[in-house]
1. Mind listing the long-range amide H neighbours of LYS126? Cut-off is under 5 Å, sequence gap 5 or more, other chains count too, H placed in the peptide plane at 1.01 Å from N.
2. With all distinct Cα pairs included, what does the Kirkwood hydrodynamic radius of region 484-554 come out to in Å, to one decimal, could you say?
3. Run the numbers on region 621-686 and let me know its relative contact order in percent, using alpha-carbon pairs under 8 Å that are six or more apart.
4. At 1.4 Å probe size, what's the solvent-accessible area of PHE542? Round to the nearest 10 Å².
5. Calculated FRET efficiency, LYS278 and ASP246, Cβ-Cβ r, R0 25 Å, to nearest 0.05?
6. Please say if region 266-334 is rounded, prolate or oblate, where rounded means a/c under 1.5 for a ≥ b ≥ c the square roots of the C-alpha gyration tensor eigenvalues, and otherwise the choice is prolate for a/b larger than b/c and oblate otherwise?
7. Starting at the first residue of region 95-100, write each ³J(HN,Hα) from the Karplus equation 6.51 cos²θ - 1.76 cosθ + 1.60 with θ = phi - 60°, in whole Hz, x for Gly and Pro.
8. Nearest 0.05, what FRET efficiency do SER567 and ARG467 give at R0 = 45 Å with Cβ-Cβ as r?
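The values are calculated or read from the model by the stated rules, or taken from the named source; none is laboratory data. From a predicted model like this one, the values you see are computed outputs, not experimental measurements. Every residue, glycine among them, receives a Cβ derived from its backbone with ideal geometry; neighbour counts consider all protein chains shown. SASA here: full protein model, heavy atoms, side chains in, ligands and nucleic acids out. Shrake-Rupley method; radii C 1.70, N 1.55, O 1.52, S 1.80 Å.
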Amino acid sequence: MPRRPLVQLRQTFTGRPTLGAVSSCLRWDRVSFLVLLRFFILASGSPTANALDKAQPAPQWAVDAAKTPTPPSAKDAPAVILYDEYLITVDDQNHAVERERWAVRILKPQGRGDSHCSVTYDVDEKLNYFHSWTFTPDGRQFQAMESDFTDHGAYAAPELQFTERIRSVNPPASDPGAVVACETEEQLRPYMHEENWVIQISIPVVYEALELALPPGGHYADSWRRYTPVKPIEAASNHLRWEIKDMPALDLENLHATPHWGALAARMSVKWGDAAVKGTDNQWKAIGLWQEKLEEGRPDPTPEITAKTQELVAGAPDLYTKLSRITEFIQKNIRYFIVARGIGGWQAHYAGDIFRNRYGDCKDKTTLLIAMLKAIGVRAYYFHVDSRRGIIDPEEPSLVGNHMITAIELPDAENEPRLLARVKSASGKTLLIFDPTDEVTPVGLIRSELQGAWGNISNGEFSQVLRMPVLPPEAEGVTRKGSFTLAADGTLSGDINEQFLGDEATSERWFLKDNDSRELHEKLEKGLGSELPGLSFKGFEFSGSEQLDHPLNLDLHIAAAGYAHASGPLLLLRPRVYGSHARVVPDVMEGKNREYPIELGHPGRWHDSYDIAIPDGYVIDDMPNPVNVDVDFASYHSSVSAKGKILHYESEYVVRDIEIPPTKAASFRLLESAILANEKGAAVLKKE
């Protein structure tokens, strides 16, 4: 199993949306690209089998690996992988045992974290052994003993109940210049016939290889992501070996607004048994069929589910109302909670149990939604996705992904304008994409990180990889209006009304759910104060938070001393009182070479309108020039005008895409430069 330092944490269908993201929800059996975790993830069984009680000499492979010179290309890296080899041996029942041999040289103090091997174990995985050795620069050799290992739960969140745990080693003498080697052998999950090999990580790799030993008559299928496919060497009959040398690091540390690390890293998926079918579309179909079989019978509605569903839709005038009532019932009444043991990380509970217990994870909530929709004659399907756009690649079929949502089949004639998150499937059906785990996004919309991302729908022979929609700008954004009075001493006072739509409303609703009134006041005051020095925050009111298909409104009441600055007989002030649309992407703005796409977030429309009543005895002497910039992916228009004693500011920012290619970096700089200059522009008042 391709587990890497810095990049891997096992995933399960259990995630819950949080402000700005959805945490892991589906047990992606092998790879999760969490770069912040300095863990080397391996699967195991009994922790007592992991280490030795007395030292043994390091095996020859580790001795040889430790002699590998550091390549010049790695001189600036914190550490370098010298050797990384996997051997997967499959028996005639398609059960697999995997051995990994791995060695890393620590080059800098911060590279110590790259040497810490860790092991996850569960009821369905058994560890045969797990050993670690350290080679110091002066030729000494140490072996990690039992006291060097720690054992802890795999997940810290209180709403998770997993049988999965992590065993980690703190290798002795792991100082710069040392080489740490680890070797493991484990029995893989018997129901999984796929491995995902991450061949690029955040530090360089000198040599890496994967071997697959199949039983007589066995077959395989491989698919590659962001790397030219490598042809395997046939080491023996039905024994294949892929080798890669000198893989550069994927380092995004000083880059901004990039896709997720895991969306850019090179990887390969290899399958055996029933999963090993030829052709990209056929592999996606096989994955969908496997998921459908796994959940067979689980979304069948019980009499209690049918009765509750009929109660909810009674008197509903149209399909949209029916969908809204059912989805809101699940969002508000089925508590997010995970109980997963072994295959339970992939397989949902039965709909009747979920309904009765009133809790479940993402695949459970999808199961209950499918059941309730079935009770009113609406078909819906499991839709396996990832909460981080770009992780799932349509050209690399695999079980990679961390979340389960729902695809709802709409009638051909359904044209309700609020049901925006719709796509066409290969079968010609219109599917509405909805995440029942997301408690604050109404049916018809999807969060920004899902827009434009890919997933795999489980629909029998029509199972396929499917791209989620990108919503139109009109569906999302913020309308901000302000009315202020400026005093002669420069104090500005007044009110701001903000109206949030789409993903902006989703973020604010999570903000409301996650904070009490005191915390809300403190965080709003801090945000306002960062733009309005001298702020006196007088209060706020939210409205519309419970009506998910309505805009969310926030009223702010403020005063800011010294907002306008005196310069002799003049007063200088910024017409754009509050709210910035500028994006912080220093590397792009500095004109540095850009290799990766620039993330824009999500489409939307942001409109600001401010009126400032100027003090008696002053007239408007000068105003910033209007700005009109329109590039294909976004536009920005701004103007300042005088209406008697009122200084009026107006701007509209429209984003049309979720990301742009690096070839459009110059257009991005043009747009952002115009926004920055305009937002800092000052108006001048003079005494009459």
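1. The answer is GLN187.
2. Averaging 1/r across every pair of different Cα atoms and inverting gives 13.5 Å.
3. Relative contact order, region 621-686: 38 percent.
4. Approximately 50 Å² for this residue.
5. The pair LYS278/ASP246 has a calculated efficiency of 0.25.
6. Prolate is the answer for region 266-334, as a/c is 1.5 or above and a/b outweighs b/c.
7. Result, ordered by residue: 8, 10, 10, 10, 10, 10 Hz.
8. The value I calculate is 0.25.
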